[in-house]
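A short write-up of the structure that comes next.
The values are calculated or read from the model by the stated rules, or taken from the named source; none is laboratory data. These figures come from a predicted structure and were not determined experimentally. Please note: Cβ atoms are built from the backbone with ideal geometry, for glycine as well, and neighbour counts cover all protein chains shown. When the accessible area is computed, the model is the full protein with side chains, heavy atoms only, and any ligands, DNA or RNA have been set aside. Shrake-Rupley method; radii C 1.70, N 1.55, O 1.52, S 1.80 Å.
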Amino acid sequence: MCEEKEFLSLPRIGSPAPEFTAETTKGEISLSDYKGKWVVLFSHPSDFTPVCTTEFVGFQGIKEELAAINTELIGLSIDSVHSHIAWVRNIEQNFDVKITFPVIADLSMDVAKKYGMIMPGESDTATSRAVFVIDDKQVVRTIIYYPSSNGRNIPEVLRIVQALQASDKHNIATPANWEPGDRVIVPPAKNQDEAAKRMTDETMECKDFYFCTKELES
Ligand code: BEZ
């Protein structure tokens with residue numbers, strides 16, 4: 001039984017993503033190799049399990065759309081490279097889906113511990129379903145956790161990367177359930193004059209001074 005405090009480290013949104021070097025199904029990688037690209041680093045509990053298999057098929061399904069927005073996928077579990085290789089070959093045979101993103105074999109749990117991917121209340125030998133969205137400057141931008149028993153909503157992973165990139169590019173926020181093409185939220189007014197002015201600004205639609213939306217120019 002491991003000490004629970006071993007697993008307490010957790011990167012924070014807005015903080016630098018912890019650097020790592022790890023063995024993967026595509027050879028050794030370091031997070032710093034990905035500088036200039038966005039990264040979705042995700043963990044799964046274990047190879048050859050049904051929920052994880054559906055997730056791998058799902059993640060592979062969004063890989064090209066992520067690549068089109070400068071974003072790469074990296075998987076991880078506490079299994080060996082040989083186990084990962086056998087599993088992704090099995091997925092290809094049974095589901096006709098070729099897994100083309102690298103999968104970290106984190107047998108030492110080094111990466112899992114740095115990223116707080118282990119939930120000892122569930123298991124202290126397997127990672128939970130964690131997702132870290134890391135931006136092109138290697139800052140953590142979103143953290144999502146799901147328990148072992150329930151698969152993630154994979155389109156949400158793509159959607160949050162799209163939303164974060166829209167926020168960065170246009171200095172806007174996005175409302176609940178936002179999808180690309182939807183109206184966006186204009187940042188709050190900084191003073192009374194700005195608050196008054198925006199009520200008659202034809203480039204935005206304001207319900208009230210604090211709630212203004214606009215269309216994004218593409
Ligand atoms: C699964 O992927 O099916 C799974 C993994 C760990 C616990 C429960 C389910």
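Here is how the numbers come out for the structure above:
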{"read-out": "Selection from segment 102-122 of residues that are over 12 Å from His44 (Cβ atoms) and in a loop (DSSP other than H, G, I, E, B)", "value": "Pro102, Leu107, Ser108, Met109, Tyr115, Gly116, Ile118, Met119, Pro120, Gly121, Glu122"}
{"read-out": "Number of the condition not met by Glu64 [criteria: (1) touching a helix residue (DSSP H, G or I) at 6+ places or on another chain (Cβ under 6 Å); (2) more than 16 Å from the ligand (Cβ to nearest atom)]", "value": "(1)"}
{"read-out": "Index of the failed condition, Ala196 passing every other in (1) of a type outside the set (Asp, Glu); (2) in contact (Cβ under 8 Å) with a residue 12 or more places away in the chain; (3) under 30 Å from Thr54 (Cα atoms)", "value": "(3)"}
{"read-out": "Total residues in segment 109-161, condition under 16 Å from the mean Cα position of the chain (by Cα) and among the polar types (S, T, N, Q)", "value": "5"}
{"read-out": "Positions within segment 18-53 being within 16 Å of the ligand (Cβ to nearest atom) and within 17 Å of the chain's Cα centre (by Cα), in sequence order", "value": "Phe42, Ser43, His44, Pro45, Cys52"}
{"read-out": "Leading residue by the ranking (most open to solvent (accessible area, probe 1.4 Å)) among those in segment 176-218 that are of a type in the set (A, V, I, L, M) and more than 30 Å from the chain's Cα centre (by Cα)", "value": "Met199"}
{"read-out": "Residue tally, condition touching a Ser or Thr at 6+ places or on another chain (Cβ under 7 Å) and of a type in the set (Phe, Trp, Tyr), over segment 32-54", "value": "1"}
{"read-out": "Number of positions in segment 70-83 that are out of contact with any Lys or Arg (no Cβ under 6 Å at 6 or more places or on another chain), exposed (fewer than 15 other Cβ atoms within 10 Å of the Cβ) and assigned to a loop (DSSP other than H, G, I, E, B)", "value": "1"}
{"read-out": "Qualifying residue in segment 163-170 (condition: in contact with a Lys or Arg (Cβ under 8 Å, 6 or more places away or on another chain), farther than 26 Å from Phe7 by Cα and surrounded by 16 or more Cβ atoms within 10 Å (Cβ to Cβ))", "value": "yes"}
{"read-out": "Those residues of segment 101-159 which are open to solvent by 50 Å² or more (accessible area, probe 1.4 Å) and within 16 Å of the ligand (Cβ to nearest atom), in sequence order", "value": "Met119, Gly121, Glu122, Thr125, Tyr145, Tyr146, Pro147, Ser149, Asn150, Asn153"}
{"read-out": "Strands (runs of 3 or more DSSP E) wholly inside segment 1-57 that include at least 2 residues being open to solvent by 40 Å² or more (accessible area, probe 1.4 Å)", "value": "21-24"}
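A quick yes/no check of all residues on (1) under 24 Å from Val57 (Cα atoms); (2) part of a helix (DSSP H, G or I); (3) not acidic (Asp, Glu):
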site: Val157; (1), (2), (3): yes, yes, yes
site: Ala163; (1), (2), (3): yes, yes, yes
site: Asp168; (1), (2), (3): no, yes, no
site: Pro175; (1), (2), (3): no, no, yes
site: Thr213; (1), (2), (3): no, no, yes
